[in-house]
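Some notes on the structure that comes next.
The values are calculated or read from the model by the stated rules, or taken from the named source; none is laboratory data. Here the structure is a predicted model, which means the values were calculated and not measured. Please note: Cβ atoms are built from the backbone with ideal geometry, for glycine as well, and neighbour counts cover all protein chains shown. Note: accessible area is taken over every heavy atom of the protein model, side chains too, but ligands, DNA and RNA are not part of it. Shrake-Rupley method; radii C 1.70, N 1.55, O 1.52, S 1.80 Å.
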Amino acid sequence: MGKPDSPLSPDQEARKAWMGLLAKSDAAQLAGLIGRLENLPEFEWLRRPEVGGVMVRGRMGGTGAPFNLGEMTVTRCALRLESGEVGHGYVQGRDKRQAEQAALTDALMQGPRAAELRETVLAPLEAAQTEVRETRAAKAAATKVDFFTMVRGED
C-alpha cells in the first residue's frame with residue numbers, strides 16, 4: 001500500500017489514503033453517499049468547520065529547491081463520535097458541509113462500521129476519481145504527437 005521505507009504503520013497509511021480520497025472527492029457525490037447511510041451517530045465538535053488558507057509549495061521537476069507556489073483556501077474541522085473515535089476533515093475550498101462529512105467518515109472508518117463505509121462511500125468515490133483521471137489521460141493522449149527522424153538514403 002505505502003512505500004517500503006515509509007515511517008507510517010499500515011493503519012496510518014490506510015488512513016492517509018482515505019483522508020486524501022475524501023479531501024479530493026466531489027462534495028455532491030460525498031453528500032449523496034453519506035446520505036444513504038442509516039443510523040449515523042451523534043457527535044460533538046472538537047473544532048467546528050472553519051475556512052482558512054494554506055501556502056502551497058512546489059518544486060521544479062519534483063526535485064528542485066522548494067518555492068512558494070501560492071495560497072489555497074481550505075476548510076477543516078474535527079469531531080468526536082459518542083463512541084470516542086475522533087475524525088478530522090480537510091477539504092479544498094469553502095464547503096463546510098463537505099469538511100463535516102469527511103470528518104464523520106474518517107471517524108466512522110476507525111470503528112466497527114469501517115467495512116460498510118469502505119464499500120458504500122470510499123469505493124464509489126475511488127471509482128469516480130479513477131474515471132476522472134482516465135478521462136483526463138485519454139484527452140491528453142489524444143493530443144500527443146510522436147516525432148521521429150526519417151533517414152533518406154544511406155551515407
Lys/Arg Cβ at +1, Asp/Glu Cβ at -1, dipole of the chain taken about the Cα centre: which of Leu33, Tyr90, Gly52 is farthest positive-ward?
Gly52
Place the peptides 104-114, 84-94, 59-69 in order of packing, highest mean first, counting for every residue the other Cβ atoms within 10 Å and averaging per peptide.
104-114, 84-94, 59-69
Suppose the Debye formula is applied to equal point scatterers at every Cα of segment 1-88; what is log10 I(q)/I(0) at q = 0.24 Å⁻¹?
-1.32
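Counting only protein heavy atoms and using a 1.4 Å probe, what share of the accessible area of the chain belongs to carbon plus sulfur, as a whole percent? Working shown, then result.
Numbers: 5690 of 10940 Å².
That fraction is 52 percent.
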May I ask for the angle, rounded to the nearest 10°, between helix 96-109 and the longest principal axis of the chain, with both axes built from Cα atoms and the value confined to 0 to 90°?
80
Checking Leu117, Leu21, Leu46 against a Gaussian network model of the chain (alpha-carbon springs below 10 Å), the top fluctuating residue turns out to be Leu46
Give me the angle, in degrees from 0 to 90, between the Cα long axis of helix 10-24 and the longest principal axis of the Cα atoms of the chain, rounded to the nearest 10.
80
Just name one of Thr120, Pro10, Val132: the one whose Cα is farthest towards the positive end of the charge dipole of the chain (beta-carbon charges, Lys/Arg +1, Asp/Glu -1).
Val132
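Longer than 23 Å from Cα to Cα, which of Lys16/Lys144; Lys96/Lys139; Lys24/Lys96 are they? Say none if no pair is. Present the calculation step by step, with values, prior to reporting the outcome.
Numbers: Lys16/Lys144 34 Å; Lys96/Lys139 32 Å; Lys24/Lys96 14 Å.
From Lys16/Lys144; Lys96/Lys139; Lys24/Lys96, over 23 Å: Lys16/Lys144; Lys96/Lys139.
Using the Kirkwood formula on the Cα atoms of the chain, what hydrodynamic radius do you get, in angstrom to one decimal?
Values: mean 1/r = 0.0549 Å⁻¹.
Every distinct Cα pair counted, the radius reaches 18.2 Å.
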